[in-house]
1. So which residues in segment 52-63 are surrounded by fewer than 22 Cβ atoms within 10 Å (Cβ to Cβ) and charged (D, E, K, R), if there are any at all?
2. Give ASP273, ASP267, ASP255 a once-over and let me know the one that is closer than 27 Å to ALA198 by Cα and assigned by TED's automatic domain parsing to the domain that holds VAL305.
3. Can you confirm whether segment 180-195 contains a residue that is under 17 Å from ARG167 (Cα atoms), crowded, with 22+ Cβ neighbours inside 10 Å and basic (Lys, Arg)?
4. Run ASP271 past the list (1) in contact (Cβ under 8 Å) with a residue 24 or more places away in the chain; (2) within 17 Å of GLN203 (Cα to Cα); (3) part of a helix (DSSP H, G or I); (4) among the acidic types (Asp, Glu) and report the number of the one that doesn't hold.
5. Out of THR207, THR227, THR147, THR164, report the one residue that is surrounded by 15 or more Cβ atoms within 10 Å (Cβ to Cβ), out of contact with any Leu (no Cβ under 9 Å at 6 or more places or on another chain) and in contact (Cβ under 8 Å) with a residue 12 or more places away in the chain.
6. Is it the case that segment 64-78 has a residue that's part of a strand (DSSP E or B), in the same structural domain as ASP146 (by TED's automatic domain parsing) and either surrounded by 19 or more Cβ atoms within 10 Å (Cβ to Cβ) or not β-branched (Val, Ile, Thr) (or both)?
7. What are the residue pairs meeting all of these: first residue in segment 103-126, first residue farther than 12 Å from ASN86 by Cβ and assigned by TED's automatic domain parsing to the domain that holds ILE151, second residue in a helix (DSSP H, G or I) and modelled with pLDDT of 95 or more, Cβ atoms under 6 Å, and 6 or more apart or on different chains?
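The values are calculated or read from the model by the stated rules, or taken from the named source; none is laboratory data. Just so it is clear, the model here is predicted, and its values are computed rather than measured. FYI the Cβ positions are ideal-geometry reconstructions off the backbone, even for glycines, and counts take in every protein chain you see.
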Amino acid sequence: MPRVTRFAALTTAALLTASLAACSSPSSAGTDASSTDGAFEPITIEHALGTTVIETQPERVATVNWANHEVPLALGVVPVGMAAANFGDDDGDGLLPWVEEKLTELGAETPVLFDETDGIDFEAVADTDPDVILAAYSGLTQEDYDTLSEIAPVVAYPETAWGTPWREMIELNSEAIGKKAEGEELIADLETQISDAAAEYPQLEGTSAAFLTHVDTADLSEVSFYTTHDTRAMFFDDLGLTTPESIATASATTDLFALTQSAEQADAFTDIDIIVTYGGDELLTALEADPLLSQMPAVANKAIVALPGTTPLGTAANPTPLSISWVLDDYLALLAEAADKA
């Protein structure tokens, strides 16, 4: 039976369980979600999929989709359930290293990990009896949101699916658990870390960068790239890099986080100094051998950062609250090496 069908059959029982759990002693995994002064005022959060009202202090926090769990964890709150890592998880335990380190620091056991290989496991989310579900950075559909909202209040993305900047993800998710002030402090701390680290690589300032999506070396007839609506491209600005006019122009007519165009139009990308993408030596060899793509200045100059997609470093370009500190120096060093060749 499909998950949604099973969930529908269990919704009444799950909600009854959640109601009873909310009246009992909270799990240790859901504690410490109070605001600094101990008071909690009802919160109303507007987002792309509706309006969410959180009436009482959440004690059991669940998160879905990528990285939302890092916000409560960074603020000392251990979720009762969260999505298992499905990208860059080199040891297969469902946890990226910075998440595992934080759980150890907090003396906490691993929360329930939701397998989202085939989409959100609504039944598993309901089984954790959450008081709130965080998804400020996500790709929720309206149907996903409506189904999750039957379980608990849901905080979805503010405007664009998979397009929530890391600062806004922290702002929305921290506010939803009654830790708005702490969230603002976290943002300020990360901004300082980023600016201090980027200052060590002056060659990045003003260098233009574009992020190609996963490149198929068996078919280079098309070029796919992340638009300015994607958090990978947004992160370039934090690091002192600039957006090429070609990418900015293409992004202006869409709200999609990625676009594709024919390799025959590769000459449109002559304003790209460095390219970031996922892959290894095989990818670099293929790009350099391709008669069209090899004409791109970044390829001709070998000014390419190829991130391994199967390791934690592969997630470096997509900034999240806990990963920024963990990968910042390594990522900057790779970008600077490419900038030196541009």
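1. GLU55
2. Result: ASP273 is the single residue among ASP273, ASP267, ASP255 that is closer than 27 Å to ALA198 by Cα and assigned by TED's automatic domain parsing to the domain that holds VAL305.
3. Within segment 180-195 (the criterion being under 17 Å from ARG167 (Cα atoms), crowded, with 22+ Cβ neighbours inside 10 Å and basic (Lys, Arg)), the answer is no, since none of the residues qualifies.
4. Here ASP271 clears every test but (3).
5. Values: THR207 fails: out of contact with any Leu (no Cβ under 9 Å at 6 or more places or on another chain); THR227 fails: out of contact with any Leu (no Cβ under 9 Å at 6 or more places or on another chain); THR164 fails: out of contact with any Leu (no Cβ under 9 Å at 6 or more places or on another chain).
THR147 is the lone residue from the list that is surrounded by 15 or more Cβ atoms within 10 Å (Cβ to Cβ), out of contact with any Leu (no Cβ under 9 Å at 6 or more places or on another chain) and in contact (Cβ under 8 Å) with a residue 12 or more places away in the chain.
6. Scanning segment 64-78, I find no residue that is part of a strand (DSSP E or B), in the same structural domain as ASP146 (by TED's automatic domain parsing) and either surrounded by 19 or more Cβ atoms within 10 Å (Cβ to Cβ) or not β-branched (Val, Ile, Thr) (or both), so the answer is no.
7. Filtered contacts from segment 103-126: ILE120/ASP144; PHE122/THR147.
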